[in-house]
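Dumping the structure here so I can ask a few things about it.
The values are calculated or read from the model by the stated rules, or taken from the named source; none is laboratory data. Worth saying up front: this structure is predicted, and the values here are computed from it rather than measured. Cβ placement follows ideal geometry from the backbone for every residue including glycine, while neighbour counts extend to all protein chains displayed.
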Amino acid sequence: MAARRPASSPGYRLRAAQYPGQSYPCKGPLITGNAILYDGTAGNVSESCLDISDARSKVAQHDDQSDGAAGAAAGQRLGDRAYTRILETLFERKIPAGAFLSQGDLVEMLQIPVAPLRDALKLLEAEGIVIIHSRSGIQFVKPGFELTRSTYQFRSILERAATGVYAQTADEADLAELERRHLAVIEEIERGGLTDLVRADLEQLETLLHHSIIASLNNPLIDSSYKRLHNYVRLIRLDRKVTVPLVLQSLREHMQVILACKARDPEAAAAAMQAHLASALQRGLGLYYGY
């Protein structure tokens, strides 16, 4: 009969202990009530010598940790979904900027459980999108002069530098696609005005150009800051005036940036972006000129 390998041997660990004191004949490895037996061994090993109670404790602890981690991850996902849902509802104008709502109002409106809603609101408060009034309600920020000025100043600092990098590093195919899509939308607006389809294309182009430029820096810290900044920009735009002349002006400013990048002229590209953001700030503040 082959010798039983002790439970303390390297590489062999206790697996189960439902039936202490029992043994089983086997061929090859077998999990018994007390230990793994090998090569046809039948064994009768006491719980005490294998310290089964300690093993049980470790297994239970591992299971508790796994369950806790899974629960935390699920809660985080719910919080993320609540965060996204609140912003979507705000940007779709279903929640007016400056609105004052109770927590119960938001639960009913968004169909979000209370716990993840609270987590999302704390994050939005840290980002300056809402103000939580204890025992009163949640106030959504209405953008004014200071938020608009601060947002575009921050954008100018980031995007001017990023545009110079993008002009030197962007793929030719990406630049050609940006140019093609901008020209197509300009032509569509000149022909048919601001249809719903065109408005959707405008939002996509705005995101595509500016986010591609920021991504060229390959900096996670800037990416995170810019994501928050983008939410401020969308909030500011909720009250902006949108007309054919104003939209065409913005698209042509984009084209100046794209053409400078295609020419691989970082200084001209950065200057074009600075001019575009200065004009966007004026439009955000409602400052229009007839020339």
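In a helix (DSSP H, G or I), free of Cβ contacts under 8 Å to residues at least 40 places away in the same chain and within 19 Å of Ala161 (Cβ to Cβ), is that true of His230?
Answer is yes for this residue.
Tell me, which residue of segment 227-249 that is among the polar types (S, T, N, Q) and surrounded by 14 or more Cβ atoms within 10 Å (Cβ to Cβ) is farthest from Ala97 (Cα to Cα)?
Start the filter on segment 227-249 by keeping residues that are among the polar types (S, T, N, Q), which leaves 231, 243, 249.
Next, only the ones that are surrounded by 14 or more Cβ atoms within 10 Å (Cβ to Cβ) stay: 231, 249.
Working: Asn231: 13, Gln249: 26 Å.
For segment 227-249, the residue satisfying everything is Gln249.
So, in segment 123-140, of the ones that are over 24 Å from the mean Cα position of the chain (by Cα) and not hydroxyl-bearing (Ser, Thr, Tyr), which residue ends up farthest from Leu251 (Cα to Cα)? Write out each step before concluding.
First, the residues of segment 123-140 that are over 24 Å from the mean Cα position of the chain (by Cα): 133-137.
Subsequent filtering for residues that are not hydroxyl-bearing (Ser, Thr, Tyr) retains 133, 135, 137.
On the way: His133: 41, Arg135: 46, Gly137: 40 Å.
Looking at residues that are over 24 Å from the mean Cα position of the chain (by Cα) and not hydroxyl-bearing (Ser, Thr, Tyr), I get Arg135.
If you don't mind, another one. Might you let me know whether segment 262-281 holds any residue that is within 16 Å of Glu203 (Cβ to Cβ) and assigned by TED's automatic domain parsing to the domain that holds Asp171?
yes
A quick yes/no check of all residues on (1) over 23 Å from Pro143 (Cα atoms); (2) in contact with a strand residue (DSSP E or B) (Cβ under 8 Å, 6 or more places away or on another chain); (3) basic (Lys, Arg):
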site	(1), (2), (3)
Leu221	yes, no, no
Ile236	no, no, no
Asp239	no, no, no
His254	yes, no, no
Arg264	yes, no, yes
Ala275	no, no, no
Tyr288	no, no, no
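Moving to a separate point now. Kindly provide the set of residues from segment 148-201 that are over 30 Å from Gly128 (Cα atoms) and among the basic types (Lys, Arg), ordered by number.
Arg180, Arg181, Arg191
Working only within segment 125-140, note down all residues that are hydrophobic (A, V, I, L, M, F, W, C) and in a helix (DSSP H, G or I).
Listed by number, the list holds a single entry, Ala126.
Here are Ala260, Ala270: which of them is over 30 Å from the mean Cα position of the chain (by Cα) and at pLDDT 90 or above?
Ala260
In this structure, is Leu235 within 26 Å of the chain's Cα centre (by Cα) and either closer than 25 Å to Ala184 by Cα or in contact (Cβ under 8 Å) with a residue 40 or more places away in the chain (or both)?
Yes, satisfied.
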